[in-house]
Structures are given as C-alpha cells and as structure tokens.
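Below you'll find the structure, written out as structure tokens, and then a few comments.
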Amino acid sequence: VNALLGALVLSASTAICWLCGKDPAGGASLSLHSLRAGLLGAAAAAPLVAYKLFAWSGAGQQDNPTLAALKHSRTDVARPWLVNMDARQLTAHVVLDTLPLLFLTLPAAQAGLTSAFHWTSMAIQQSTGLHLSEDVGFSLALVLTAAVSAAVRSTELMAEPQQVQVVRDAVANADRYYRLTTNSLSSSSGSSSSQASEAECRARAFKAIAISWREQESEVTSLFATLAVLDVVYLGGLWHVTHDMTAPCVAALLANAVDYHAMWRGATTPGSGRGGRGGAGKAQRSSSSSRSSTQRD
C-alpha cells in the first residue's frame, strides 16, 4: 500500500513539475555534485537528529510534559501499522513515507507556487514598475508550503469530534452525575450539606481534568505544527542552497529515521502502554455513566 501511494505521489509531483517546466528531480542526479550534496545533507541533518534524540529521550520528556504528550500521541497514531513491522519493513516504510512527500512538498509545490508568483510579479511590474526577485518568490512559496504542510500534519493528532463531544457531555453532566453518585454512596451516613459539598468538589475536579486534557491536546497539536513548519523551511532552505534534492532527502531520511525508530520501539515494546489521549476515554466512560444515572433517575 505504501509503495502504491508513494508511486502516486511521485507521479503527481512529476506531472506538476513537467507542467511548470521544472526538473522533477530537483537537481538530483547520479553525479559527483549530488554525492557532495548528499554529504552536505548528512552534515546538515545533525541539528535535526540531535533535537529529535533529545525530544524522544527520557530527560527531554521529563523537562517538558508537552514533549512527553507528543510522544504518546504520535506513538498511538502510528501503533496500528508499526506494531507488526520488523526492522527491514520499518526501513522501507521510512523511505516510502519520506521521499515521495518531500518531492511533492519541495520541487512540485515550489514549481507551482513560484510559477504563480512569476505571473503575479509580472503583472505587478507592468502596473507599478516594482520588480520582485525570484528569491522573494521562493521564500513566499516555501513559507506557504510550510504552513499548508503544518496544517495538514496537525490533523493527525487532533482529537476526533466524537471525543470532544464526549468530553463536553461529560462536563455538562458532571454536577448531576456526582451529586447522584455521592448521594447513593453516602445515603446512610453524613449530612446533606456535606454530601453536596463532596459532590461539588468531585465535579470541580473532573472539570479541571477535562479542561487540562483539552489544553494539553491543543499544546501538542501546536507544537507538532510548529515543528512541521521548521522542518519544511529548513529542508527547503537546504535545497535552495545546494540546488540539489539529494541534500534535503538525506537530511529528511536521517531525521525521520529517529522519529520512526522511537515510535516503533514504543509500539512494539511489551508493557509500553497507551498514552496521550487517555483522558478522552475516561471522559467517555464518565459521560456514559452520567447518562445512565440520569436515565435511572
């Protein structure tokens, strides 16, 4: 499946570049120049690899709870297809998941956007006499591509609408649910005022947990989108400097290999558990119990 999707993405990238009169390979070739670009890409990958190793390490996640939540969320999302892979399959998956999308993001998207910018700049020059350089067009196209890429990738970690609705229902029914359960558990002892106070405290604690879950989900999504923007801008700048896609391809493969290996270990290690979105499941169970109690009442 990954091979088929990769082929389709590469075909679309090639078609876009061909229509815009650009090189689909982005300057990459079987040459000494591409070899030097690959070595430069490996060296340029060092800061990306170093950051990712730190982000996936226990020390990095201990210092930053958002990084820990991001780790759990990404591992949970990738778990279904990583859990049954061996090392060779994982390597193939990294290549097929990285290179086609990178060629679509850089040569193809930049070809289309810079062509559009060229036509727009010509119209501006004819009407105002203002000349905009190609570097400005490339920078604008790269920033726009990074923004779109981040918006698309952030949807991977967003809570599903059903989860959000479950949390909202649970929060809306929290006061009634804890009032009913507290009264039923403490009907034989304690005054009504103490029972009401205990129910209020429980409901307030549950609402705080639900709000914390939503805030954490928003922080994780924002961090993931920010990292996606930086990745695209960094790799795009590397391509612009070398004029050879070999450099960003090598850098992206090395950086993504760290991510996928960490997610693979998290998905295949026995007893690693699931995390990141557990609050939604708890909220869903509480909401179901709340509705059941309301119906019995």
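The values are calculated or read from the model by the stated rules, or taken from the named source; none is laboratory data. Worth saying up front: this structure is predicted, and the values here are computed from it rather than measured. Neighbour counts run over all protein chains shown; Cβ positions are idealised from the backbone, glycine included. With ligands, DNA and RNA removed, areas are computed over all heavy atoms of the protein, side chains included. Shrake-Rupley method; radii C 1.70, N 1.55, O 1.52, S 1.80 Å.
Points worth noting:
- Pair D135, T120: separation of 7 Å Cα→Cβ label points (nm): 2.0
- Using the Cβ-Cβ distance between T181 and A50 with R0 set to 51 Å, the FRET efficiency works out to roughly 0.50.
- Accessible surface ranking that places the most exposed of L67, L99, L30 first, with a 1.4 angstrom probe: L30, L99, L67
- Charge tally in the Cβ shell below 12 Å around A55, where Lys, Arg are +1 and Asp, Glu are -1, A55 excluded: +1
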